[in-house]
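A.B. asks: One structure, pasted below without further comment.
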Amino acid sequence: MKYFITGLLMMTVTALGICKTFTVDGKTVKVYTTAKDTEFRLSQTETTSFKKAIQATEGEVSVFVNPNKTFQTFWGIGAALTDASAEVFAELSQEKQEEFLKAHYDVNEGIGYTLARTNIHACDFSKGLFTYVSAEDKELKTFNIDVDKEYKIPFIQKAIKATGGILPLYASPWSPPAFMKTNKNMLQGGSLLPEYYDTWALYYTKFIKAYEKEGMPIWGITIQNEPMATQRWESCIYSAEQERDFLKNFLGPIMEREGLGDKKIVVWDHNRDLITNRVNTIFDDPEAAKYAWGTGFHWYEVWAGGDYMFENLKRVKESYPDKELLFTEGCVEKFDETQYQRWSNGERYGLNMIHDFNAGTVGWTDWNILLDHTGGPNHVDNLCFAPVHADTRTDELIYTPSYYYIGHFSKFIRPGAKRISTVTSRSHLLSTSFLNKDGQMATVVMNKTDEEIPYKLYIGMKAIELKALPHSIQTIVY
C-alpha cells in the first residue's frame with residue numbers, strides 16, 4: 001500500500017480499493033465521547049477541523065497518526081451467542097428483542113457488531129450438561145443438534161438477519177462427551193482419550209454441517225476452550241504437544257476429508273501468559289501449522305495477580321507474521337447486580353482492545369452478548385457481567401459502560417480497515433487508529449486518569465486540539 005502526503009496532507013489510497021483522493025485539510029472532524037460522571041455515551045461532543053501546526057513541543061501531550069505506516073487488516077468485533085444469551089433473549093418481549101438486535105448489529109443506531117462465537121454443546125453458560133450424542137456412541141450415529149433448536153439456533157438466525165445476512169460465526173467446544181475423556185466427566189478437566197481422537201475430530205465436522213444446514217455458515221472453529229484450565233465446569237486439558245498432534249494427525253486431515261478444508265482452525269484459545277509456548281510448539285511443526293489459521297486468546301491471566309501480557313502478543317506476531325491473532329473471550333467476573341455501572345468494567349475493555357489491536361489482533365470477540373439480572377443463567381454458579389443485561393422481571397435492558405467502550409471501536413472501525421501507526425507522547429493516553437475502506441479514518445483515544453488532559457492529534461504538520469475528559473474514551477472520525 002502507498003500513501004503520498006503533500007503539504008496539504010492529500011492521500012491517494014489504492015490498495016484498499018478506494019478510487020479517490022482526499023485531504024484532512026479543512027475537512028470536518030467529528031468527535032464521539034463516552035465519559036464517567038457525564039451524560040456522554042457514544043455522544044458526538046465536538047466538530048472541528050485540522051489546522052496547520054508547528055512542531056510538537058516537549059511539554060504537550062500529543063497523539064501522532066502516520067497513514068504511511070499500515071499494519072493488519074481488521075476483521076471485526078462481536079460477541080458470543082451462548083445458550084445463556086439465547087435463553088435470556090427468549091424471555092424478552094418482542095419490542096425489547098428488536099431493541100437488543102438493533103443495539104448490537106445496526107451500525108447507525110447501534111454499535112455494528114460483525115463477528116460471533118458460539119459453543120459446541122454445553123458450556124458453563126448453559127442450563128445444564130448435554131452433548132449431541134447418546135452415551136458411548138463412538139460411531140456418532142445418534143448425532144443431532146435438536147437441543148439447540150429451542151433457543152440458540154433461532155437466536156443466532158435472528159442475529160444474522162439483523163446484520164443484513166452476513167455474520168461470520170465460529171464455534172468452540174468446552175469439553176468432549178464424558179465417555180471420550182480420561183476422567184469420564186465433562187467437568188473438572190480430564191483429557192481426550194487417544195482412542196477417541198478420530199471420533200472427536202469427526203464430531204466438529206458433524207456440528208459444522210448440521211449448523212450450516214440450518215442456514216448458519218460456520219467460518220471456523222477453535223480446537224478447545226482454555227486447554228490448560230481444570231475448571232469446575234466443562235473443561236478439557238491438552239498439552240501443547242497433544243493439541244499439535246490432534247490438529248496434525250486428526251482434526252486437520254478429517255476436516256479436509258469431510259470437505260471442510262476451507263474452514264479456519266484456531267489454536268490455543270486461552271490466556272496470553274502461556275501463548276508463546278503453545279504457538280512455538282504448533283507453528284514450528286509445518287505439518288501442524290498448515291492447518292492453523294491463527295491463535296485465539298483470552299484476558300484472564302490477571303486472575304493470577306499479574307499484569308496483562310500484551311507483549312506476548314507482539315512477540316507471537318513477530319515470530320509468525322503469517323498467522324493471525326484473534327481475541328476469543330473476555331468478561332468481567334464476579335457479578336454484582338449493584339455494580340452494573342462500575343466504570344472500571346468499561347475501561348478494562350478499552351485498555352485490552354487498544355493494546356490487542358496495536359499488537360496485531362485482527363478480530364475481537366466479547367464473551368456472552370447478553371445475561372440476565374443474576375449474571376447467568378449458569379449451571380455451575382460462575383456468574384459474570386456482560387455489556388448488556390436483561391432484567392427479565394421487568395423486561396428492561398441495562399446498558400453498561402462496557403457496551404459503550406466496545407462501541408467506540410465496533411461502530412467506527414469496519415471490516416477490511418487497515419490499522420495505522422499511532423503513538424502517544426505520554427502514557428496517560430492510550431490510542432489506536434484505523435483507515436476504513438471508504439477512506440474514513442477513526443482514531444480511538446482513551447484517558448484512564450482522574451484528570452482532564454488537553455492534547456493535540458497530529459497528521460504530518462496538521463493538528464486538531466482536543467480534550468480527553470477524566471475516565472473517558474473518544475473516537476475521532478475524519
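A.B. asks: Only one of Glu46, Glu58 is over 17 Å from Val445 (Cα atoms) and either at pLDDT 85 or above or not assigned by TED's automatic domain parsing to the domain that holds His104 (or both); which? Give the derivation first.
C.D. replies: On the way: Glu46 fails: over 17 Å from Val445 (Cα atoms).
The conditions single out Glu58.
A.B. asks: Grab the helices (runs of 4 or more DSSP H) fully contained in the stretch 259-342, keeping just those with 3 or more residues being in contact with a helix residue (DSSP H, G or I) (Cβ under 6 Å, 6 or more places away or on another chain), of a type in the set (A, V, I, L, M) and in contact (Cβ under 8 Å) with a residue 60 or more places away in the chain. Can you show your working first?
C.D. replies: Values: elements: 275-283, 286-289, 310-319.
Fully inside the stretch 259-342 and qualifying: nothing.
A.B. asks: Is there a residue in the stretch 89-103 that is assigned to a loop (DSSP other than H, G, I, E, B) and over 25 Å from Trp219 (Cβ atoms)?
C.D. replies: Within the stretch 89-103, one or more residues are assigned to a loop (DSSP other than H, G, I, E, B) and over 25 Å from Trp219 (Cβ atoms).
A.B. asks: From the list Ser410, Ser433, which residue is surrounded by 17 or more Cβ atoms within 10 Å (Cβ to Cβ) and in contact with a Phe, Trp or Tyr (Cβ under 7 Å, 6 or more places away or on another chain)?
C.D. replies: Ser410
A.B. asks: Mind listing just one residue for me: the one in the stretch 35-79 that is over 24 Å from Glu347 (Cβ atoms) and among the small types (Gly, Ala, Ser) and, of those, surrounded by the fewest Cβ atoms within 10 Å (Cβ to Cβ)?
C.D. replies: Gly59
A.B. asks: Still on this structure, please answer the following. Quick one: in the stretch 362-382, of everything that is in contact with a helix residue (DSSP H, G or I) (Cβ under 7 Å, 6 or more places away or on another chain) and not in a loop (DSSP other than H, G, I, E, B), which residue is surrounded by the most Cβ atoms within 10 Å (Cβ to Cβ)? Can you show your working first?
C.D. replies: Initial filter on the stretch 362-382 (in contact with a helix residue (DSSP H, G or I) (Cβ under 7 Å, 6 or more places away or on another chain)): 364, 366, 368-373, 376-378.
If we keep only those that are not in a loop (DSSP other than H, G, I, E, B) too, we end up with 364, 366, 368, 371-372.
Details: Trp364: 26, Asp366: 25, Asn368: 25, Leu371: 28, Asp372: 24.
Residue satisfying both the conditions and the ranking: Leu371.
A.B. asks: Could we say that Gln474 is touching a Leu at 6+ places or on another chain (Cβ under 8 Å) and modelled with pLDDT of 95 or more here?
C.D. replies: On the way: touching a Leu at 6+ places or on another chain (Cβ under 8 Å): yes; modelled with pLDDT of 95 or more: yes.
It is true that Gln474 is touching a Leu at 6+ places or on another chain (Cβ under 8 Å) and modelled with pLDDT of 95 or more.
A.B. asks: Considering only the stretch 277-286, I want to know if a residue exists there that is within 17 Å of the chain's Cα centre (by Cα) and either at pLDDT 95 or above or under 25 Å from Met255 (Cβ atoms) (or both). First the steps, then the outcome.
C.D. replies: Filtering the stretch 277-286 down to residues within 17 Å of the chain's Cα centre (by Cα) leaves none.
The answer is no, given that none of the residues of the stretch 277-286 is within 17 Å of the chain's Cα centre (by Cα) and either at pLDDT 95 or above or under 25 Å from Met255 (Cβ atoms) (or both).
A.B. asks: While we're here: Is at least one residue of the stretch 447-457 touching a Phe, Trp or Tyr at 6+ places or on another chain (Cβ under 8 Å) and either surrounded by fewer than 21 Cβ atoms within 10 Å (Cβ to Cβ) or acidic (Asp, Glu) (or both)?
C.D. replies: Taking every residue of the stretch 447-457 in turn, none turns out to be touching a Phe, Trp or Tyr at 6+ places or on another chain (Cβ under 8 Å) and either surrounded by fewer than 21 Cβ atoms within 10 Å (Cβ to Cβ) or acidic (Asp, Glu) (or both).
A.B. asks: Then there is this: Restricting attention to the stretch 383-399, which residues are assigned to a loop (DSSP other than H, G, I, E, B) and in contact with a Gly (Cβ under 7 Å, 6 or more places away or on another chain)? Before the answer, list the steps.
C.D. replies: Initial filter on the stretch 383-399 (assigned to a loop (DSSP other than H, G, I, E, B)): 383, 385-387, 392-395.
Matches in the stretch 383-399: Leu383, Phe385.
A.B. asks: Within the stretch 146-200, how many residues turn out to be part of a loop (DSSP other than H, G, I, E, B), small (Gly, Ala, Ser) and under 26 Å from the mean Cα position of the chain (by Cα)? Steps first, answer last, please.
C.D. replies: Narrowing the stretch 146-200 to residues part of a loop (DSSP other than H, G, I, E, B): 150-151, 163-168, 174-177, 182-186, 188-191, 193.
Next, from what is left, pick out any that are small (Gly, Ala, Ser): 164-165, 175, 189-191.
Filter once more, so that each one left must be under 26 Å from the mean Cα position of the chain (by Cα): 164-165, 175, 189.
Of the residues in that region, 4 qualify.
The values are calculated or read from the model by the stated rules, or taken from the named source; none is laboratory data. Predicted model, so just to flag it, every value in this text is computed and none were measured. Neighbour counts run over all protein chains shown; Cβ positions are idealised from the backbone, glycine included.
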